[in-house]
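The values are calculated or read from the model by the stated rules, or taken from the named source; none is laboratory data. Just so it is clear, the structure is predicted and the values come from calculations on it, not from any experiment. Heads up, the Cβs are rebuilt from the backbone with ideal geometry, glycines too, and the neighbour counts pull from every protein chain shown.
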Amino acid sequence: MSQAPRIRIAICILTSFCFAFAPTSLSQDPPETLRQAAQHSGMLISAAVRPAQLSEPAYAATLAREFNTLEPEDALKWEVLRPDPQSFDFHQADQVIDFALRHNMKVRGHTLVWHRQNPAWLATGNFTPEQLSKILETHIKTVVGHYRGTIFAWDVANEAFDEGVRTGQLRSTIWHDQPGIAADASGSSQSDTRTASKPDRAQLVTRGSPQPYAYLAQCFRWAHDADPQALLFYNEAEAEEVNRKSDAIYAMVRDFKREGVPIDGVGLQMHLAVHSEAALPDIPSISANIARFTALGVQVHITEMDVSLPVDANGRASDADLQQQTTIYREVAQACLAHPGCTAIQTWGFTDKYSWIGSHSKHTRGAALPFDRNYQPKPAYDALRDALATAHPIARP
Ligand code: XIL
């Protein structure tokens with residue numbers, strides 16, 4: 001054999017060896033960021049964002065590098081948008097949304113109907129049910145219309161179901177208790193209360209109705225009128241697992257689908273905690289819950305994930321708790337990724353420097369997010385990125 005073919009054979013053996021055993025990075029670099037990893041799995045990876053922090057270079061750089069979607073944390077809530085009954089102030093929300101557009105990110109909207117963070121004028125205005133109905137319709141149509149084509153998914157209603165002994169029943173709120181809302185839509189069931197200008201609150205809450213969530217259906221219809229392309233979600237806390245609250249939401253979504261109410265998704269907030277008295281999240285139950293909702297033909301978004309830990313006066317958590325947190329982030333992400341209809345994972349903030357958990361827990365808990373206070377990725381970040389990167393790529397809607 002001449003020298004040339006022997007060299008060719010050697011090169012051949014060497015290159016096939018290289019192809020067979022080279023790390024995939026030769027042909028395709030392993031994802032370095034959540035955003036790259038999410039592209040692999042076709043997921044939306046998102047974070048709640050505060051406009052005041054966007055001028056901080058590390059905040060802005062981390063957000064743009066790591067996430068393909070964002071959601072204003074507070075800037076689209078009534079107390080920010082509605083300084084008075086006549087005006088809409090989109091200033092703060094626009095700052096966040098402009099950032100998203102400049103960095104090629106999608107935008108979720110949160111939230112149109114909620115019992116918290118409403119302006120004082122709403123509660124003290126002594127409005128008649130008909131006036132309140134008009135105020136809500138105008139709000140939903142104006143806000144959704146303002147961001148038509150920009151906000152791709154809205155949490156239309158948030159936390160409408162109650163807790164404690166009333167778990168699974170609709171919460172008494174300024175919106176729920178007004179018979180004017182959806183009186184027309186529901187036809188008969190609520191019209192008996194229409195004539196009373198101010199029915200007793202408790203009486204309304206307990207009053208039986210074949211369509212107890214007619215007011216929510218009406219809100220979805222108003223939002224759909226204002227932007228027929230936007231995906232419309234019902235968002236809820238403590239309904240991650242199969243439990244009484246998620247059973248009630250399931251029944252509502254099933255009814256909405258049967259009746260043609262324009263609902264496209266369910267948001268599972270996923271505010272989780274590691275502490276001695278609390279049971280760890282039941283991952284098989286979360287998975288079964290995602291499965292039953294997506295089987296109804298709606299998407300699931302994980303909308304507000306954080307895993308809070310006990311912290312010392314310096315905001316530091318123990319290594320053991322951080323490890324537990326890492327497992328929870330990994331397993332929740334995997335549970336979502338396993339279902340084609342689970343299409344977004346959103347964390348509530350992204351850096352421990354700015355998280356609602358601190359003030360919410362009087363600073364006894366914290367360290368809940370994938371980045372530490374110095375924007376360094378934590379083990380939870382690696383778990384999230386690896387889950388996204390190694391998920392079997394499946395077509396998502
Ligand atoms: C929280 C925000 O993070 C805080 O900045 C604000 O002070 C209070 O509200 N469930 C929700 C979110 O749906 O809107 C809440 O956000 C956290 C709980």
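Below is a table of values for the structure above.
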quantity: Some residue of the range 251-264 being buried (at least 17 other Cβ atoms within 10 Å of the Cβ) and within 16 Å of the ligand (Cβ to nearest atom); calculated: no
quantity: Search result, residues across the range 260-285 that are farther than 20 Å from Lys362 by Cβ and in contact with a strand residue (DSSP E or B) (Cβ under 8 Å, 6 or more places away or on another chain); calculated: Pro262, Ile263, Asp264, Gly265, Val266, Gly267, Leu268, Gln269, Met270, Pro281
quantity: Of the criteria (1) over 19 Å from Gly358 (Cβ atoms); (2) surrounded by 22 or more Cβ atoms within 10 Å (Cβ to Cβ); (3) more than 16 Å from the ligand (Cβ to nearest atom), which one Pro281 fails; calculated: (2)
quantity: Candidate set from the range 338-351 (those that are under 11 Å from the mean Cα position of the chain (by Cα) and away from the ligand (no atom under 14 Å from the Cβ)); member that is surrounded by the fewest Cβ atoms within 10 Å (Cβ to Cβ); calculated: Thr343
quantity: The one condition in (1) touching a strand residue (DSSP E or B) at 6+ places or on another chain (Cβ under 6 Å); (2) at pLDDT below 95 that Ala100 fails to fulfil; calculated: (2)
quantity: Within the range 2-92, helices (runs of 4 or more DSSP H) holding 1 or more residues that are among the hydroxyl-bearing types (Ser, Thr, Tyr) and modelled with pLDDT under 50; calculated: 3-21
quantity: The range 352-365, subset within 13 Å of the ligand (Cβ to nearest atom) and not aliphatic (A, V, I, L, M), residue farthest from Glu56 (Cα to Cα); calculated: Ser361
quantity: Given (1) aliphatic (A, V, I, L, M); (2) assigned to a loop (DSSP other than H, G, I, E, B); (3) touching a strand residue (DSSP E or B) at 6+ places or on another chain (Cβ under 7 Å); (4) away from the ligand (no atom under 16 Å from the Cβ), index of the condition Ile328 fails; calculated: (2)
quantity: Filtered residues of the range 228-250 (kept if crowded, with 22+ Cβ neighbours inside 10 Å and either in a loop (DSSP other than H, G, I, E, B) or among the small types (Gly, Ala, Ser) (or both)); calculated: Ala230, Ala239, Glu240, Ser246
